[in-house]
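Here's the structure, in structure tokens; my notes come after.
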Amino acid sequence: MNKTIDSLQWRYAAKRMNGQKVPADKLDNILEAIRLTATSNGLQPFTILVIEDKATREKLHAAAFKQPQVVEGSHLLVFAAWKKVTPEQIDTYFEMVYQERNLAKGSLDQYAGFLKNHFGKQTEEEQFSWASKQAYIALGTALVAAAEEKVDSTPMEGFNAEEVDSILGLNEQGMGSTALLALGYRDETADHMVNAKKVRRPKDKLFVKI
């Protein structure tokens, strides 16, 4: 079987974790996959907080409605989306493009100007909504990367975003939490879902070929 398909057959959203630490090399591979993920215009309008500190995760535990994976896992990733897409952030991105691709500075000014004009017409709510969608692309990449590393993961939307933002000081950084991802290893004795059969819609219902 294809390695990726095999990994996705193996993965599920672990309900309980056993506290075992994810090795640094496996964590680095998951984070690198997130860094390499696709995003619209390549802007990567989010930051991922990688939280290992137990005291911080204890605080977040209550904000995440006491879901056990927050504290039983090895690490908790917080996907924090930008609340605004500013001209300065766009300029920073294009500076990287010029440097990495060895392009003449200013050669992409028309493209940069288009993006500034586009986002300048949007409300802050619209910009945050767009950035959150980009963060979800990264979340999907993280799920696949974790599965290929045989690291369990649990994506979470069930949390109080205002409380999470306050605990982590995200508002002051112009960001808002949009998703959580616990990383660790399944507790095969405590997790009632560990042997549950995966349930997905059949191909002929999910896909429409035209």
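Things to note:
- As a rough footprinting exposure proxy, the listed residues 75, 118 were ranked by other beta carbons within 10 Å of their own, and the order from fewest upward is 118, 75.
- Of 21/150; 54/133; 83/105; 84/116; 84/133, pairs whose Cα-Cα distance is over 18 Å: 54/133; 83/105
- Volume per residue of the C-alpha convex hull in segment 1-82, rounded to whole Å³: 132 Å³
- Each Cα pair under 8 Å and six or more residues apart adds its separation to the average, and for the chain the resulting relative contact order is 37 percent.
- Most fluctuating residue given options 98, 136, 12, as computed from a GNM of the chain linking Cα atoms under 10 Å: 98
- Environment charge of residue 188, counting only residues whose C-beta is closer than 12 Å and scoring Lys/Arg +1, Asp/Glu -1: 0
- Free of any trypsin sites (Lys or Arg not before Pro) that DSSP assigns to a loop and that have at most 11 other C-beta atoms within 10 Å, the longest stretch within the chain is 1-65.
- Taken as Cα centroids, segment 89-114 and segment 157-205 sit 35 Å apart, rounded to the nearest whole angstrom.
- Residue with peak Gaussian network fluctuation, the chain [Cα springs, cutoff 10 Å], from 81, 161, 24: 24
- Listed residues 80, 55, 33, most fluctuating in the chain (Gaussian network, C-alpha, under 10 Å): 55
- Net charge contributed by nearby residues that have their C-beta within less than 13 Å of residue 105 (K/R +1, D/E -1): -3
Throughout, read-outs are computed from the coordinates displayed, never taken from laboratory work. Because the structure is predicted, anything quoted here is derived from the model rather than measured. So basically every Cβ, Gly included, is an ideal-geometry build from the backbone, and we count neighbours across all protein chains shown.
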